[in-house]
1. Can you spot a residue in region B:37-57 that is within 14 Å of chain A (Cβ to nearest Cβ), modelled with pLDDT of 80 or more and farther than 22 Å from A:Glu42 by Cβ?
2. Only one of these is touching a Phe, Trp or Tyr at 6+ places or on another chain (Cβ under 6 Å) and either within 28 Å of B:Lys19 (Cβ to Cβ) or more than 9 Å from chain A (Cβ to nearest Cβ) (or both): B:Tyr135, B:Tyr176. Name it.
3. I need the full set of residues from region A:90-132 which are open to solvent by 20 Å² or more (accessible area, probe 1.4 Å), in a helix (DSSP H, G or I) and among the hydroxyl-bearing types (Ser, Thr, Tyr), in order please.
4. Could we say that A:Val72 is more than 9 Å from every other protein chain (Cβ to nearest Cβ), among the β-branched types (Val, Ile, Thr) and under 15 Å from A:Val37 (Cα atoms) here?
5. Which residues, taken from region A:67-84, are open to solvent by 40 Å² or more (accessible area, probe 1.4 Å) and free of Cβ contacts under 8 Å to residues at least 24 places away in the same chain?
6. When A:Ser64 is evaluated against the numbered criteria (1) surrounded by fewer than 19 Cβ atoms within 10 Å (Cβ to Cβ); (2) modelled with pLDDT of 95 or more; (3) small (Gly, Ala, Ser), which criterion, by number, is the only one it fails?
7. Could you count how many residues in region B:69-105 are closer than 20 Å to B:Leu33 by Cα, open to solvent by 40 Å² or more (accessible area, probe 1.4 Å) and either of a type in the set (A, V, I, L, M) or in a loop (DSSP other than H, G, I, E, B) (or both)?
8. Considering only region A:106-131, how many residues are modelled with pLDDT of 95 or more, within 22 Å of A:Arg55 (Cα to Cα) and among the hydrophobic types (A, V, I, L, M, F, W, C)?
Amino acid sequence: MDEEQLEKRMQTLRAQKADIAFAPDVYAQLRRLLAAVHKHFEQIDPYVLDLEPERLDALVKALSPLDRPTDVAMRRLSHLDMFDLERLALTSEGYFAELGGAEALGMSPPELTALTETLGHLRKSCFATAERSAG
Amino acid sequence: MSTPDIQETLLNAQQNEKKPTEAFMRAVRVMRLAAAVIADKTSHGYKKHHRDADEFNNPRYGRPLGIHSIRDLQQHAFNVLASRDTEIVHPYGTKIYAYHEPSETIVILNSKQGRMKLDGGTMFRSKHDSGPDWYRRLTRLEAEWMGVDGFPVKQGGFGPSLLQDEDLATRMESRYAKLYARKKHISPEEALAQFRQNAEDMVTPKQNAPAVAKTVAQKPVAHNCHPSPVR
């Protein structure tokens, strides 16, 4: 796949959007993770997490705080956003200590792995139709 | 015809003075160039934290590898790329993943056409006990990103790909020669000449020469990559 095809794929993923309902605890974990990655971004190897700082800023903005933390968070995100969130969570599993550990992240390593899996399930369930029609 | 095993061919060449083909020597050259670029990046670490280099000697998981210098790192990177135990996943033209199970090492080679426009590569060890699982999840995520069921996993390291795909070998050689040349402040032609000699040296029998197939270089040399205080 050349650069042009790669760009086309990114555009397709960016264009696919869905309303994602995050459970309150998942949303809180995700926000804490994003804050930690944002804070320690320079410690993460860019070859492993190939995400531009601007993309990270956009994700932080997209996952804005809730009025009531107990609410289900409904956010309109693109397929690309969901992939980037999952990639970010997966990479963070290898940078647990650098991101501040359990104290900063508010979760244990197995809980972080579970968060990555949850994001994968959410992505697949919300974008299954889009992917089928694209394929 | 099956693709020759890189390490075995190198050993045979050393022992029997039988010169491998030019295509084979070029594959070795490309891998040595890539290894030099990877080792430099890994030893200095992102933002010079030396984090990943230290991971080889003080791993959270697996055995220490006894890597004490950039030369050791280069040799390890080359071994990972050339080893018959290495799995290669080449998801798209701009990225290559290599996983060497015996040393729990993951190599990522990237070119600037990728999403982050990064050119070069990195090498690191699994940072938790589910390393192989983590690597497989990473490559599965890449496949899903591409909208495919999975990528073909090639066994036997990066060498077979370079031998089978002349265009890939040419592109990789030129790219890594440029990166190495920039690092050493020399011309790409000089870099290529250095690594041509370097590859020749590998097949020339030497008295008491270390076996190429040895997975981990053990000799302690000057501390060119300082252990990180972070880990």
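1. no
2. Among B:Tyr135, B:Tyr176, only B:Tyr135 is touching a Phe, Trp or Tyr at 6+ places or on another chain (Cβ under 6 Å) and either within 28 Å of B:Lys19 (Cβ to Cβ) or more than 9 Å from chain A (Cβ to nearest Cβ) (or both).
3. A:Thr113, A:Thr118, A:Ser125, A:Thr129 - these are the residues of region A:90-132 that are open to solvent by 20 Å² or more (accessible area, probe 1.4 Å), in a helix (DSSP H, G or I) and among the hydroxyl-bearing types (Ser, Thr, Tyr).
4. The answer is no for A:Val72.
5. Once the filter is applied, which keeps residues that are open to solvent by 40 Å² or more (accessible area, probe 1.4 Å) and free of Cβ contacts under 8 Å to residues at least 24 places away in the same chain, region A:67-84 yields A:Asp67, A:Arg68.
6. (2)
7. So the answer is 1.
8. So the count comes out to 4.
The values are calculated or read from the model by the stated rules, or taken from the named source; none is laboratory data. The model shown is predicted, which means the values in this text are computed figures rather than measured ones. A quick note on method: Cβ atoms are made from the backbone with ideal geometry, for glycine too, and the neighbour counts reach across all protein chains shown. These accessible areas exclude ligands, DNA and RNA; they are computed on the full protein's heavy atoms, side chains included. Shrake-Rupley method; radii C 1.70, N 1.55, O 1.52, S 1.80 Å.
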